[in-house]
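**Student:** Could you have a look at this structure, given as structure tokens, before my questions?
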Amino acid sequence: MSLKCAAEGCVEAAVASLDERQVCRTHFVAGAYRHLESVAAQIQEPNFCSQHGELATRFLEQCMREVTNIACAAELPNNLERARLLDILLWASELYGRLRRGPRVRASIPILIRSEDEQKPWEEKTETVLLSVHGFRFLCRHELHSGDILTCVRLDNGRRADARVAWTRCRDSGETEAGVEFVTDEDFWGMEASVAASVFPSRDR
Ligand SMILES: [Zn+2]
């Protein structure tokens with residue numbers, strides 16, 4: 001006989017584990033969403049990674065594993081459930097990636113962006129919007145494409161590093177918002193992940 005769902009009053013069979021309880025698909029989906037919402041709401045906070053990163057990482061890993069198990073189970077979920085499971089999987093893996101890349105900090109650091117494009121090289125002064133140990137986000141008036149390599153020069157201390165454009169998004173203002181990752185593994189901002197918050201106090205809170 002199969003195990004019953006641990007949720008109160010539920011008579012469905014347990015198919016997955018969540019919070020160390022065996023639950024049915026419905027209660028797994030509901031519980032996973034609750035957890036994901038809570039992680040998503042807090043992940044921007046400067047101390048989240050150092051204080052809750054371990055726990056959140058473990059939850060997300062388990063969540064992704066359980067979703068995969070459910071999707072591969074003998075009794076197949078219906079289309080709606082499948083769509084929700086896929087949504088949970090994508091959301092969990094996105095949050096997982098963000099946790100692994102370390103905390104992000106809002107900070108406006110003046111920076112010179114230079115493109116050595118052979119056809120028409122350009123440079124532009126701008127400011128960072130968000131920093132992480134591995135890269136930063138900024139707004140730019142020039143066209144950018146994923147994979148572009150840019151030279152970044154900090155205008156406050158002259159430090160220089162090459163970075164690769166990871167993603168871009170057009171803003172209503174006509175500017176391009178872009179996220180870049182440093183090509184080399186140096187500590188460009190002079191911050192260790194754990195002390196990022198105190199080094200760069202947030203401006204807009
Ligand atoms: Zn249940």
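**Student:** Name the residue from Phe59, Gly174, Thr126 whose Cα lies farthest towards the positive end of the charge dipole of region 56-205, charges +1 on Cβ of Lys and Arg and -1 on Cβ of Asp and Glu.
**Tutor:** Farthest towards the positive end: Phe59.
**Student:** Still on this model: What is region 16-100's relative contact order, in percent, from Cα pairs under 8 angstrom and six or more apart in sequence?
**Tutor:** 36
**Student:** While we're here: Restricting to DSSP H runs of at least four residues, report the calculated mean residue ellipticity at 222 nm for the chain, -39500 (n - 2.57) per run over all residues, nearest 500 deg cm²/dmol.
**Tutor:** -11500 deg cm²/dmol
**Student:** Still on this structure: In percent, how large is the relative contact order of region 105-199, given Cα pairs closer than 8 Å and 6 or more residues apart?
**Tutor:** Relative contact order comes out at 26 percent.
**Student:** Moving on. Could you work out the local net charge near Ser2, counting Lys and Arg as +1, Asp and Glu as -1, over the other residues with Cβ closer than 11 Å to its Cβ?
**Tutor:** -1
**Student:** Distance from a point 7 Å along Cα→Cβ of Arg65 to each backbone N in region 10-30: keep the residues under 19 Å and list them by number.
**Tutor:** 14-25, 28-29
**Student:** Another question, then. In bins 10 Å wide, starting from 0, what share of all Cα pairs of the chain does each bin hold, as a percent?
**Tutor:** 8, 28, 25, 19, 13, 5, 1, 0
**Student:** Sticking with this structure for a sec: If you fit an axis through the alpha-carbon atoms of helix 48-72 and take the longest principal axis of the Cα set of the chain, what angle between them do you get, 0 to 90°, nearest 10?
**Tutor:** Roughly 50 degrees between the two axes.
**Student:** Here's a follow-up. Taking the square root of 5 times each eigenvalue of the Cα gyration tensor, what semi-axes in Å does the equivalent ellipsoid of region 105-199 have, largest first?
**Tutor:** 21, 15, 12
**Student:** Then there is this: May I ask for the angle, rounded to the nearest 10°, between helix 25-42 and the longest principal axis of the chain, with both axes built from Cα atoms and the value confined to 0 to 90°?
**Tutor:** The answer is roughly 30 degrees.
Here, each number is a calculation from the coordinates, and none is a lab measurement. The structure displayed is predicted, hence computed values, not measured ones. Methodologically, a virtual Cβ is constructed for each residue, glycine included, from the backbone with ideal geometry; neighbour enumeration extends over all protein chains shown.
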